[in-house]
Structure formats: C-alpha cells, structure tokens
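S.K.: Provided herewith is a single structure, encoded as structure tokens, for subsequent inquiry.
The values are calculated or read from the model by the stated rules, or taken from the named source; none is laboratory data. Note that the coordinates shown come from a computational prediction; the quantities given were computed from them, not determined experimentally. Counting neighbours? That spans all protein chains shown, and the Cβs are built from the backbone with ideal geometry, glycine included. Remember, those area values only see protein heavy atoms, side chains included, never the ligands or the DNA or RNA. Shrake-Rupley method; radii C 1.70, N 1.55, O 1.52, S 1.80 Å.
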Amino acid sequence: MTEKEDQLLYQHGTLGALVPGLFAGTQTLTELLQHGDTGIGTLDGLDGELIILAGQVYQVAASGQVHLIADTDAAKVPFANVHHAAFETVGQVVADTQDAFANVVLKLLGTRNLFAAVRLHGTFGQVTTRAVAKQVPPYPTLTETAADQAVFTRKNVTGTLLGYYSPQLYAGMATPSFHLHFLSDAHDLGGHVLALGQIAGALETQLFSDLQLHLPTENSAFLQEDLDGDLLGEIAQAEH
Ligand SMILES: [Zn+2]
C-alpha cells in the first residue's frame, strides 16, 4: 500500500440517491474490495447492514443473523465506503453515551473538517442497532424503510465499532458527522448503530486527505432521478 492509498477514502454511490429509493446494487463487492479492506455499506435493496473487517464482508440481516458473504461477485452494493486500513492507535477511551463518544473522538481527531475512519474494539454496556429489511421494486423512499427495519438492543457486549466521520459540509453525499456500524465478537449482534452506552475500548483513527466518489454510470434509474430537491432534511430523519 502506498502512502497515498492509506489517505484515500473510497465511496460508491451517494447518500442522497438513497433518499428517493435508488436501492439497486450498482457495484459488486469484488470491485468494492479492490478499494479497501475495511468499511461499511448496504446490499442491493438495502438488504441489511454491511461491516467489512480485514477484507471479510459481514451482512447483518433484518433477522438479526450475521452472514459472512462468500460470493462477492454476486453481491452488489448501492452505497458503501471502504478504505485500506492503516489506523493510528489513539488509546483507551471511555464514554457513557454515543454523543459523549463522538465528542471524545472529535477532540482527538483535532478537526471537524476532514473525513476520518474510526474503529474501536471494546466493551459496551448497551448497544442498539438497526438493520433494514430487503426492499423490492418499486422501492419505497428511504424514510419509508424505517417502518421495515429491525431494531436490536443488547446489554454488555464485546465487539467492534467501525465507521466514518464526515464533515457537515458534505451532507447529501455522506451521512453528516458519524456513521457507525457494529459487529459483536460472537457475530450474534450487529448493524447500523442507533445508540451506545458505557463504551470502553481501544480507539483507532485514520484521517483522509483524499476522497474518491464513484457513481453508477450504467444505472438508468440513477441517471434519470431528480436529485436536485432538498434531500438533507430527509437524510437527517432517516439516518438517526
Ligand atoms: Zn449505516
């Protein structure tokens, strides 16, 4: 890995395109993994939540089950972020709530104006996640899928938190602030993080100087959709 590569955050798709329901997978996991071994995303039809650790892609389905995806040629993502892991170990972090954790991380990053990856392995007094159920065409809007998501809450879990910080300025392309996914060590809990309690663990961060935004050039629904409206309010509603 070159020095340049470890400062590059790669994104396939744009968050704004999910708002009106552009959920079709437009890039294979095989291609996505060429751009990083670590990341988060979702599958075709918003079929669960993805967490990618050391090149292994785990899908947390709405059933709550965690699947390791073996056939990366067949599985496609409408939206995902990956990067080549080259984390800096920051040290032990303790926080009572997800907001407190976010504040600690931001202080340690020393800026709100760069994209960054965050990974923390540790113990969690409480973890609440969600996983969206696979949607089928004609797709609903992103906010409508909230009615079709499973929410999981577990106390005293050991696992890995992985995600990205995106500056507010780029809302529409990426989830503003932190977008975190979780996978328990036992692989019996995971998903998109809604709430955390009593976090204690080893924090690692990676700042990016470069962002590669890769958009689907062959998907006619994406090409024809009107994305010029005010999508930001809907993103805020759907992502929190
Ligand atoms: Zn997510």
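S.K.: Among the residues of the range 173-204, which ones are open to solvent by 20 Å² or more (accessible area, probe 1.4 Å) and away from the ligand (no atom under 16 Å from the Cβ)?
M.R.: Asp185, Ala186, His187, Asp188, Gln198, Ala200, Ala202, Glu204
S.K.: Between Thr158, Thr128, Thr153, which is farther than 27 Å from Tyr10 by Cβ, assigned to a strand (DSSP E or B), over 13 Å from the mean Cα position of the chain (by Cα) and in contact (Cβ under 8 Å) with a residue 60 or more places away in the chain?
M.R.: So the residue among Thr158, Thr128, Thr153 that is farther than 27 Å from Tyr10 by Cβ, assigned to a strand (DSSP E or B), over 13 Å from the mean Cα position of the chain (by Cα) and in contact (Cβ under 8 Å) with a residue 60 or more places away in the chain is Thr128.
Yes or no, residue by residue, for (1) touching a His at 6+ places or on another chain (Cβ under 6 Å); (2) open to solvent by 40 Å² or more (accessible area, probe 1.4 Å); (3) among the polar types (S, T, N, Q); (4) modelled with pLDDT under 95:
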position: Ala146; (1), (2), (3), (4): no, yes, no, yes
position: Lys155; (1), (2), (3), (4): no, yes, no, no
position: Tyr164; (1), (2), (3), (4): yes, no, no, no
position: Pro167; (1), (2), (3), (4): no, no, no, no
position: Ala171; (1), (2), (3), (4): no, no, no, yes
position: Pro216; (1), (2), (3), (4): no, no, no, no
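S.K.: Among the residues of the range 34-60, which ones are within 16 Å of the ligand (Cβ to nearest atom), out of contact with any helix residue (DSSP H, G or I) (no Cβ under 9 Å at 6 or more places or on another chain) and either assigned to a strand (DSSP E or B) or open to solvent by 10 Å² or more (accessible area, probe 1.4 Å) (or both)?
M.R.: Residues satisfying the conditions are Thr38, Ile40, Asp44, Asp47, Glu49, Ile51, Leu53, Tyr58, Gln59, Val60.
S.K.: Consider only pairs whose beta carbons are under 9 Å apart and that are at least six residues apart or on different chains; among these, list those whose first residue lies in the range 192-207 and is farther than 23 Å from Ala150 by Cα and whose second residue is more than 16 Å from the ligand (Cβ to nearest atom) and of a type in the set (Asp, Glu).
M.R.: Filtered contacts from the range 192-207: Glu204/Glu88; Thr205/Glu88; Gln206/Asp6; Gln206/Glu88; Leu207/Glu88.
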